[in-house]
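Undergrad: Can you keep this structure in mind? I'll have questions shortly.
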Amino acid sequence: MYEHPKHPAAPGSDTPQLIDNHGRIITYLRLAITDRCNLRCSYCMPEQGVETVSHGETLSYEELERLVRLFLDMGIEKIRITGGEPFVRRGCMDFLERLKHDLGVTQLVITTNGVETARYLKRLKALPISGINLSLDTLDRERFKTITRRDRLADVLETLYGALELGILLKVNSVVSEETSDAEIYRLGELARDNGLSMRFIEKMPFSGEKMEKRRIDYGLAERLANLFPGLEPTQTKNGSTAKEFTVPGFRGSLGIIEGSSRRFCSTCNRVRITPQGMLKVCLYDNGVLDFKDLIRTGISDEELLKKIRSCLNKRFADGHQTESANGRAAQPSMASIGG
Ligand code: SF4
C-alpha cells in the first residue's frame, strides 16, 4: 500500500515535484467539485434545459481527497475549489475543512459567486482560507438580474462585505461584455478604491470565429481603465498569474485585467485542473487527458495513478494554441472557467 509522506513534499524526497516536459513546475491544482450553479449567467449557460452531470458521474469527496493527497505528495502547494458554484454541492464546507485540517493543504482558495457563501464566512475564516475569488459583474440590481437571470445581488454583496469585515483576502472577478458601460466599470473600480481588495476585469473573449469582437473588446479595456482611473500603473506580474495588476493613486486595493484567453502566460503555466467528472486537464484548452473516475472505480493503485499523472505531464503541449489545434474547437473553455 502506498504510504503518503508528510506535506509539503520535501525537496530531495522520493516523491519529487511534478514537472512537465517543458520544465514547468506544477504547483497549482484547480478542483471543480460540481458543474451545477445557482445562477444562470447568459454567457455561461442557457436559461433552461441545462444538462448537469448526475451525482454518480461526479467524483465523490472520498475520491477527491485521495487525488488531493497524491497531488500534495507531488508538491502541489495551492488548491482552488471551483464549480459551477462549489457551495451548491452539499458538504462543500466540511470538505474544505477536511482538506485543510486532515490533508494539510497549506494554500486553500475558493472561487464562488457569493450567492450562498455569506453563511460560511466565519468557518472559512477559521480554516483559514487563503483567499476568496468572488464573481460579480455589476453593482446594479437590474443588470445583475439580466446577466444572471436571478435577483441575488444583495446576497452577493453580503458575502463581499462580510468577507472584508473578517479580513479575508478578496479578489472580485468581473466579466466585461459589450454591454458593460464605463459607469459600471467605474463603480466596480470604486470597490478597490474604498476597500483593500483586488478588482479584476475579465476580457470577455469570444473564442475562435469571433475575432472581430475580441479585437474590439481587447482594444477597449486597458484603455478604458486608464481613462477612468488616472494614474493607473502596471505592477510586476507574479509568475503563473493570469492577471495584469495595476495600482491607482489613493486606492486601498488594486485593479487588474484577466485576458480572456490567458495564453500569454503559458511559458510559466503552473496549473492543472480536475473536472467534476474526474477528468485531468493539463491545459484549459484540452478535453481531459486522464479519466480519474474510471481509473479509481476500476481499482487502480496509488503508485499507478502517480505514474499516469506524471506521464500526462510529460506529454504536455507548450501552450494553449498548440493544445487547441490538437484538440479542435470542442475544447473551448467557458468564461466561467477562465475567471474562476
Ligand atoms: S492556455 Fe493552457 S498552458 Fe497556457 S496558461 Fe492556460 S492552461 Fe496554461
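Undergrad: Could you pull out the pairs from 171/315; 78/145; 281/308; 100/122 whose alpha carbons sit more than 22 Å apart here? If you can, show how the numbers build up before the last one.
TA: Numbers: 171/315 33 Å; 78/145 33 Å; 281/308 13 Å; 100/122 15 Å.
In this structure, 171/315; 78/145 exceed 22 Å between Cα atoms.
Undergrad: On to the next question. Which of 88, 50, 172 comes first, and how do the rest follow, when ranked by fewest Cβ neighbours within 10 Å? Write down the numbers at each step before the final one.
TA: On the way: 88 19, 50 12, 172 25.
So the ranking, lowest neighbour count to highest, is 50, 88, 172.
Undergrad: Taking segment 144-198, how much of its Cα-Cα pair set, in percent, is spaced more than 18 angstrom apart? Don't skip to the end; give the middle numbers.
TA: Details: 579 of 1485 pairs.
I get 39 percent for the Cα pairs in segment 144-198 exceeding 18 Å.
Undergrad: Once the Cα gyration tensor of segment 88-204 is found, what semi-axes does its equivalent ellipsoid get, as square roots of 5 times the eigenvalues, in whole Å, sorted largest first? Could you put the intermediate results ahead of the total?
TA: Details: eigenvalues 144, 45, 30 Å².
Working from the Cα gyration tensor, I get semi-axes of 27, 15, 12 Å.
Undergrad: Give the Rg/Rh ratio for the chain, taking Rg as the radius of gyration of the Cα atoms and Rh as the Kirkwood radius, to two decimals. Each step should come with its number before you reach the end.
TA: Working: Rg = 19.7 Å, Rh = 20.8 Å.
Here the Rg-to-Rh quotient is 0.95.
Undergrad: While we're on this one: Please order 45, 199 by the number of other Cβ within 10 Å, starting at the fewest. Each step should come with its number before you reach the end.
TA: Details: 45 19, 199 25.
So the residues, fewest neighbours to most, are 45, 199.
Undergrad: Of the listed peptides 71-79, 136-144, 52-60, what is their order by residue-averaged count of other C-beta atoms within 10 Å, with the highest listed first? Intermediate values should be presented prior to the final figure.
TA: On the way: 71-79: 21.9, 136-144: 18.2, 52-60: 14.3.
Answer by packing, highest mean first, reads 71-79, 136-144, 52-60.
Undergrad: Rank the residues 102, 302 as a footprinting-exposure proxy: fewest other Cβ atoms within 10 Å of their Cβ go first. Intermediate values should be presented prior to the final figure.
TA: Working: 102 10, 302 16.
Exposure proxy ranking, most exposed first: 102, 302.
Undergrad: With +1 on each Lys and Arg Cβ and -1 on each Asp and Glu Cβ, and nothing else charged, work out how big the dipole of the chain is about its Cα centre, in Debye to the nearest 20. Don't skip to the end; give the middle numbers.
TA: Values: 49 positive and 46 negative charges, 53 e Å.
Roughly 260 debye for the chain.
Undergrad: Just tell me which aspartates and glutamates come within less than 12 Å, Cα to Cα, of residue 204; anything on the same chain fewer than 8 places away is out.
TA: In chain and number order, the partners are 137, 178, 179, 213, 218, 259.
Undergrad: Search the structure for amide H atoms under 5 Å from the amide H of residue 30, placed 1.01 Å from N in the peptide plane, and list their residues when 5 or more places away or on another chain.
TA: The answer is 80, 272, 273, 274.
Undergrad: Please sort 120-128, 147-155 by packing, taking for each peptide the average over its residues of neighbouring beta carbons within 10 angstrom, highest first.
TA: 147-155, 120-128
Undergrad: Might you list the cysteines of the chain that have no disulfide-compatible partner by the rule of another cysteine's Cβ under 4.7 Å?
TA: Within the chain, the cysteines lacking a partner Cβ under 4.7 Å are 37, 92, 266, 269, 283, 312.
Just so you know, all these numbers are worked out from the coordinates, no wet-lab data involved. Owing to the predicted nature of the structure, the values given are computational and were not obtained by experimental measurement. With ideal geometry, Cβ positions are generated from the backbone for all residues, glycine too; neighbour counts draw on all protein chains shown.
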